[in-house]
Amino acid sequence: MAKIRSPICVVVGHVDHGKSSLLDRIRGTTIVETEAGRITQAIGASIVPLETIKRICGTQLAALKLNFTIPGLMFIDTPGHAAFASLRKRGGNIADIAILVVDINEGFKPQTVESIEILRAFKTPFIIAANKIDLISGWKSKDESLLATIKVQDQRVINTLETKMYELVARLSEMGLQAERFDRVEDYTKQISIIPLSAATGEGISELLMILAGLAQRYLELSLRVDVNERAQGIVLEVKEEKGLGKTLDVIIHNGTLRVNDTIVIGGLEKPIITKVRSLFEPALLTEMRDKKTKFHSVKEARAAIGIKISTPTCEDVVAGMPLRACEKNECTKTCVEIMKEVQEVLIATDKEGVVIKADTIGGLEALTMMLRQRKIPIKRAEIGAITKKDLAEAEANREKEPRYATIMGFNVTTDITETGEVKIFLSNIIYRLLEDYEQWVAEETKKKEQTVLAQIVRPCKLRVIPGYVFRQKNPAVCGVEIVAGKAHAGISLINVQGENITTIKGMQKERENVMSAKENDQIAMSLDKVTMGRNLHEGDILYSNIEEAGYRKLKEMKKFLSDKEIDVLKEIAAIKRKENPTWGL
């Protein structure tokens, strides 16, 4: 029997922008004890019936002139894009639509951008909840519709709201996305709808529910058709330890019906897991799913779309994000093949060389991979689970060939492995922070390496023999010298303006102290080998460091480490060298 299921909505966005508060407000707004169609709590989800949405939205929903057939909206209660990324299914994400929460006063943050990249990669439609309008200076909260509330604000407050709205629109435009305030959207297939709201006061919540319900009904109806007579299909949301039950599975059922005693096949990292539904549990009505004190009651079956807790004899090796299917006993082999094919579709194709990455779920691994691919960072090994000695050995093997790949990135995982000097380990439960830390480390290591290479090359230097300060004519000649540009080092050879290699710096003294180097504007006594003052070197003469052709090319590659004056001197040296060899350094 075919029916339309509730669309599955997830909430994503930057930390502290109000994801949990928004879900709490949606639950709070929709709970009315005397209402028959009140909110239903399910494992990892909150289901808001259509009747409740109609009551909250009132004439706003009627104005859409849609024949609503969706039974309501189902919100995944585990906020954050890490959980969202874990909920993968064949052909896309288990989420039908997403809410991107942005603090309207703070605007886009790194995790906001990251969330958008993941949503776009998974082709999940989304709307934006521009949260915390109540914190706009001078904002007056009213128990009216959002648009009516905006109209009664002082003009200064309205102007501030408009400015903040268009800052969001402009930022999205930079990312190649069109967006507009929900009441100004002309084409919902091309423009992202932005709803200003406050999770704290409830303003804009009815408009949010109206837009979600309207978009789901108009554009998602076909994809929401399910057959409740079919065997259940779902995704493992979490693996939990429950007192009295042992390890249990929190599962989102997105198609069909799951019953007690059903045989189920769950995707595994190496092979499928075949087990049986011993018990099914739903939480007590109106309870908070993340509360450890939540009590559960047993049920005989669960129909899509719903979140349900499953007790099975075997679930020790189950990983969050894995697909689950119910089947007849004689169909187990066929179902195992199909489900492992589904797992293979989301497993990561690796490169011959690259970094080692680990994550706690398939979806998390996929999201991290996507971000690395966008930055053209190759991946040698990608697996689920804690970081092990095997990962360390894999990363260490990169050290000799490419040191920047001698790294391990762990997303939402732990490790007992101690970081060595050969391998760098990055851990975070935020992908952008992992990438940020890695890229910063690579930049620092590259700079160190380049500075080491630079230290081995003769740098551009220009100096002048100061008139009246000749202390010895030869064997070696000693004279006063001013460093015009660059840095002089003991031991380097010097050329004159004709390009002749005439001497080598044997030693230097500054304020009667021996020094190994002298910088720009320093005036020092310089000991020059194999030169006679007054014959092949004169007072007032200009000398340059003698740079070899290979060194010149390397300096050109690394000119970001040179000062403007050093670059000018390098050009002068090249011009001198090209008098004899026109193609020198080219």
* Name the strands (runs of 3 or more DSSP E) wholly inside the stretch 497-586 in which the number of residues that are free of Cβ contacts under 8 Å to residues at least 60 places away in the same chain and not hydroxyl-bearing (S, T, Y) is 1 or more. => 501-510, 513-515, 517-519, 523-529
* **Complete set of residues in the stretch 365-380 that are more than 11 Å from the chain's Cα centre (by Cα), part of a helix (DSSP H, G or I) and touching a residue at least 12 places away in the same chain (Cβ under 8 Å)** => L365, E366
* Among (1) in the same structural domain as L147 (by TED's automatic domain parsing); (2) in contact with a strand residue (DSSP E or B) (Cβ under 8 Å, 6 or more places away or on another chain) - the single one Y219 does not satisfy -> (2)
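Here's the yes/no breakdown for (1) in contact with a helix residue (DSSP H, G or I) (Cβ under 9 Å, 6 or more places away or on another chain); (2) modelled with pLDDT under 95; (3) not hydrophobic (A, V, I, L, M, F, W, C):
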| residue | (1), (2), (3) |
| --- | --- |
| E180 | yes, no, yes |
| Y188 | yes, yes, yes |
| I194 | yes, no, no |
| T201 | yes, yes, yes |
| I211 | yes, no, no |
* Asked: Can you find even one residue in the stretch 413-421 that is touching a residue at least 40 places away in the same chain (Cβ under 8 Å) and touching a Gly at 6+ places or on another chain (Cβ under 9 Å)?
  -> yes
* Answer yes or no as to whether K164 is free of Cβ contacts under 8 Å to residues at least 24 places away in the same chain and either of a type in the set (D, E, K, R) or not assigned by TED's automatic domain parsing to the domain that holds C57 (or both). => no
* Structure fact -> K247: passes all of (1) modelled with pLDDT under 90; (2) farther than 30 Å from V318 by Cβ; (3) of a type outside the set (A, V, I, L, M) but (2)
* Can you name the condition, by its number, that V101 falls short on among (1) modelled with pLDDT of 95 or more; (2) part of a strand (DSSP E or B)? -> (1)
* Just one of (1) surrounded by fewer than 22 Cβ atoms within 10 Å (Cβ to Cβ); (2) closer than 20 Å to T59 by Cβ; (3) acidic (D, E) trips up D134, so point out which. => (2)
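The values are calculated or read from the model by the stated rules, or taken from the named source; none is laboratory data. Given the structure is predicted, the values throughout are model-derived calculations rather than measurements. Positions of Cβ are generated from backbone atoms using ideal geometry, with glycine treated the same way; all protein chains shown enter the neighbour counts.
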